[in-house]
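Worksheet for the structure shown next.
The values are calculated or read from the model by the stated rules, or taken from the named source; none is laboratory data. Quantities reported herein were computed from a predicted structural model and do not represent experimental measurements. Neighbour counts are summed over all protein chains in view; Cβ atoms, including those assigned to glycine, are modelled from backbone coordinates with ideal geometry. Accessible surface areas use protein heavy atoms only, side chains included; no ligands, DNA or RNA. Shrake-Rupley method; radii C 1.70, N 1.55, O 1.52, S 1.80 Å.
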Amino acid sequence: MGRYAIRRILEATALILVITMATFALISSAPGGPSILLDPNMTPEDTERLRTLYGLDRPIHEQYFRWLWQVLQGNLGFSLGVGRPVAELIAGALPATLLLSGLALLVAVLVAVPLGIVAAVRRNSWIDRTLTTVSFFGLSLPVFWYGLMLIIIFAVILRWLPAGGMFTPGNGSPLDLLLHLILPVIALSTSLMAELVRYTRSAMIGVLRQDYVRTARAKGVAENVVITRHAFRTAMIPVVTLLGLLIPRLIGGAAVTETVFTWPGMGRLAVSAAFNQDFPTIMGITLVISVTVVLSNLIVDLLYAKLDPRVSYR
């Protein structure tokens, strides 16, 4: 397990380097350059001075290795849009994104996994057909559509919940934060729940057909014990795999959700940086998201050994 973990960490490090190199090359080749250089009030001398200050006049590979060296020293650079350290901007936005994404994932797992098990146990019943239809509907529509519908219904028409933001001005209480979280968490977790219900149902149906499950039932083991102790653990292996694949989608969905609900997180910061072609901020966000996704997938891989002792790593 230890050697496997080390090998996976080395592979993950190489993958992060490839991602940052590709991102750097793409944003550096974007036409126009950073929006700060397009200010009509600046003289050509001012523009050239800024290009020299930020190293934009150097070859792309030299700019990349200069950025990488600064990162290794703990410096993510300065934002070209707001003139503040990128690390400071990310530190301010990351907790909001982790809170929103973590809650959405938690809600999705707590709701979808039991529903998927119920659908598998009651296969071909009205409950199964209803859950299958609802999950298909949940997968068919994009995250921003759910966000807009929730805002129109619960914020504009019913006026039960706030339409956006993280706090009401002048009110920073936990209850106020919770009220602001409800709609974006529902919007972000809906498609995740739909996919988890379908995967859990399929995995459970496959396991419930196995011989060892039939043997347990033939021995008179109670049905709830068969499902929870014999079938559930095996069925969770493909579901955990899916969770690893859903995390990049969760982060992408968080960017859309944060924009729709004006949630002050990493996604909203990334969208703003992309519009301004704020290279240092885009690279900093790319690095943080890459590390988060790669680490989450590494954790998912290591969980296999806990879920299924037959799995071995070399």
If we keep just the residues of the range 133-147 that are touching a residue at least 60 places away in the same chain (Cβ under 8 Å), in a helix (DSSP H, G or I) and under 17 Å from GLY252 (Cα atoms), which is least open to solvent (accessible area, probe 1.4 Å)? GLY147
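Filter the range 249-276 for residues that are within 17 Å of VAL107 (Cα to Cα) and either touching a Ser or Thr at 6+ places or on another chain (Cβ under 8 Å) or open to solvent by 10 Å² or more (accessible area, probe 1.4 Å) (or both) and give the result.
Hits for the range 249-276 are ARG249, LEU250, ILE251, GLY253, ALA254.
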What are the pairs with Cβ atoms under 6 angstrom where one residue, in the range 215-237, is open to solvent by less than 40 Å² (accessible area, probe 1.4 Å) and the other, located anywhere, is of a type outside the set (A, V, I, L, M, F, W, C)? Sequence gap at least six, or different chains. ALA216/HIS230; VAL226/ARG217; ILE237/ASP308
Test PRO31 against the stated conditions and say whether it is over 23 Å from VAL300 (Cα atoms), modelled with pLDDT under 75 and open to solvent by 60 Å² or more (accessible area, probe 1.4 Å). yes
Any residue in the range 80-102 that is over 30 Å from LEU50 (Cα atoms) sitting within a Cβ distance under 6 Å of a residue that is part of a helix (DSSP H, G or I) and modelled with pLDDT of 90 or more? List the pairs, counting only those 6 or more apart or interchain. LEU100/PRO184
Would a scan of the range 176-185 turn up a residue that is surrounded by fewer than 14 Cβ atoms within 10 Å (Cβ to Cβ), out of contact with any Phe, Trp or Tyr (no Cβ under 9 Å at 6 or more places or on another chain) and closer than 30 Å to PRO264 by Cα? yes
Could you please find all residues in the range 58-79 being touching a residue at least 24 places away in the same chain (Cβ under 8 Å), open to solvent by less than 80 Å² (accessible area, probe 1.4 Å) and not in a helix (DSSP H, G or I)? LEU76, GLY77, SER79
